[in-house]
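One structure below.
The values are calculated or read from the model by the stated rules, or taken from the named source; none is laboratory data. Computed from a predicted structure; not experimentally measured. Cβ coordinates were reconstructed from backbone atoms using ideal geometry, including for glycine residues, and neighbour counts include every protein chain displayed. Note: areas computed on protein heavy atoms with side chains; ligands, DNA, RNA excluded. Shrake-Rupley method; radii C 1.70, N 1.55, O 1.52, S 1.80 Å.
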Amino acid sequence: ESKKSTRFELITLTSWLLKQEQAGVIDAELTIVLSSISMACKQIASLVQRASISNLTGVQGAVNIQGEDQKKLDVVSNEVFSNCLRSSGRTGIIASEEEDVPVAVEESYSGNYIVVFDPLDGSSNIDAAVSTGSIFGIYSPNDECLPDIDGDATLDSAEQKCVVSVCQPGSNLLAAGYCMYSSSVIFVLSIGNGVFSFSLDPMYGEFVLTQENIQIPKSGKIYSFNEGNYQMWDDKLKKYIDDLKDPGPSGKPYSARYIGSLVGDFHRTLLYGGIYGYPRDSKSKNGKLRLLYECAPMSYLVEQAGGKGSDGHQRVLDIVPVEIHQRVPLYIGSVEEVEKLENKPSISG
Ligand code: AHG
Ligand code: MN
Ligand code: MN
Ligand code: MN
């Protein structure tokens, strides 16, 4: 008799979010915020794919508060993210890598969530069409503050208070995720009940569920550091890295993989196991990555997947930011690999 064809049930991100809302895991407002973020990511995906066709490669000609030469797509993707969140009507405040200070979203009329984001991560890779991404985190609303209400890009004391309310520890995150713009466009999300990934089906422009409850391997022999900074690292870290290169009894040392996009390097680490690190060094005392919209969202995700996110001494999610663009060292990935680094006896005693 004919084999009953098991129709592969295509679950779109939209229908998955609605299911989570019906199950009471998220409320209707957060569902709308997440849906508007996925809309922004689809738009950025198409801008990235066509960057060299639409003359969107290269620099904008401005320097952001990080002191980085903004790429054209840094600016455009920041506008795409801000506009999508604004039109969702459920976002009260946004804090972005590309904005000096937190920005109040006037049109919000319910929900008033706080959304932090890196609109284009790894943007130095754009001109060479190497993977990039967007990273986001969502915190509960905090109605009593209105940042930068006079719009003069400086903060008076009331507005400064608002920065404090945006500056919440990652342990307060309600949801976090990223979209990776690579050979596939993959939206990875957690709303507190595991990590799920959705691949963009170019046939009809929808994110479809491709992986549920992703668990990072407990260990992995891949390390992802920019070893160009080796000479500027402390002795303990140098020893840790040297030991990874020791072939040991198996005769096989660790493999080095580093593409210079946190989203791409993290996604590979999440699926294959291993460790990604951006240490402090003699030049950058707190490393390079920003706590609020890079380290905390990624640490939230890796913990949801059974991994670990550390600054070398403490859990990233326990760190309370004091400044929205604050940087921290980041070591993230398989539990055994992060603990191997943390437990390395410090040579300087
Ligand atoms: P962004 O492009 O958002 O500024 O982030 C870049 C970050 C991160 O994506 C990447 O891992 C790291 O910078 C690469 O830094 P180096 O070029 O110093 O290795
Ligand atoms: Mn940047
Ligand atoms: Mn980044
Ligand atoms: Mn960025």
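Points worth noting:
Residue by residue, here is whether (1) part of a strand (DSSP E or B); (2) within 16 Å of ligand 1 (Cβ to nearest atom); (3) modelled with pLDDT of 95 or more; (4) among the acidic types (Asp, Glu) holds:
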{"site": "Lys42", "(1), (2), (3), (4)": "no, no, yes, no"}
{"site": "Val80", "(1), (2), (3), (4)": "no, yes, yes, no"}
{"site": "Val101", "(1), (2), (3), (4)": "no, no, no, no"}
{"site": "Leu120", "(1), (2), (3), (4)": "yes, yes, yes, no"}
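- Taking segment 122-140 as the range and being assigned to a strand (DSSP E or B) and within 13 Å of ligand 4 (Cβ to nearest atom) as the test, the residues that pass are Thr132, Gly133, Ser134, Ile135, Phe136.
- One residue from Ser52, Ser124 being among the small types (Gly, Ala, Ser) and within 16 Å of ligand 3 (Cβ to nearest atom): Ser124
- Selection from segment 182-217 of residues that are surrounded by fewer than 17 Cβ atoms within 10 Å (Cβ to Cβ), among the hydrophobic types (A, V, I, L, M, F, W, C) and assigned to a strand (DSSP E or B): none
- Residues satisfying the stated conditions in segment 76-98, i.e. buried (at least 20 other Cβ atoms within 10 Å of the Cβ) and of a type in the set (D, E, K, R): Arg90, Glu97, Glu98
- Just one of the listed residues (Gly220, Gly277) is small (Gly, Ala, Ser) and not in a strand (DSSP E or B), namely Gly220.
- Cβ pairs under 9 Å, 6+ apart, first in segment 192-215 and within 20 Å of Ile44 (Cα to Cα), second in a strand (DSSP E or B) and at pLDDT below 95: none
- Selected residue (only one of Ile259, Ile319 is modelled with pLDDT of 95 or more, within 16 Å of ligand 4 (Cβ to nearest atom) and open to solvent by 10 Å² or more (accessible area, probe 1.4 Å)): Ile259
- Positions within segment 49-75 being away from ligand 1 (no atom under 12 Å from the Cβ), open to solvent by less than 40 Å² (accessible area, probe 1.4 Å) and in a helix (DSSP H, G or I), in sequence order: Val75
- Scan of segment 261-275 for residues that are free of Cβ contacts under 8 Å to residues at least 60 places away in the same chain and touching a Ser or Thr at 6+ places or on another chain (Cβ under 7 Å), ordered by number: Asp265
- For segment 25-48, the set of residues classified as in contact with a Cys (Cβ under 6 Å, 6 or more places away or on another chain) and open to solvent by 60 Å² or more (accessible area, probe 1.4 Å) consists of Met39 only.
- Subset of segment 1-40 (residues that are modelled with pLDDT under 95, over 20 Å from Ile186 (Cα atoms) and of a type outside the set (Gly, Ala, Ser)): Glu1, Lys3, Lys4, Thr6, Arg7
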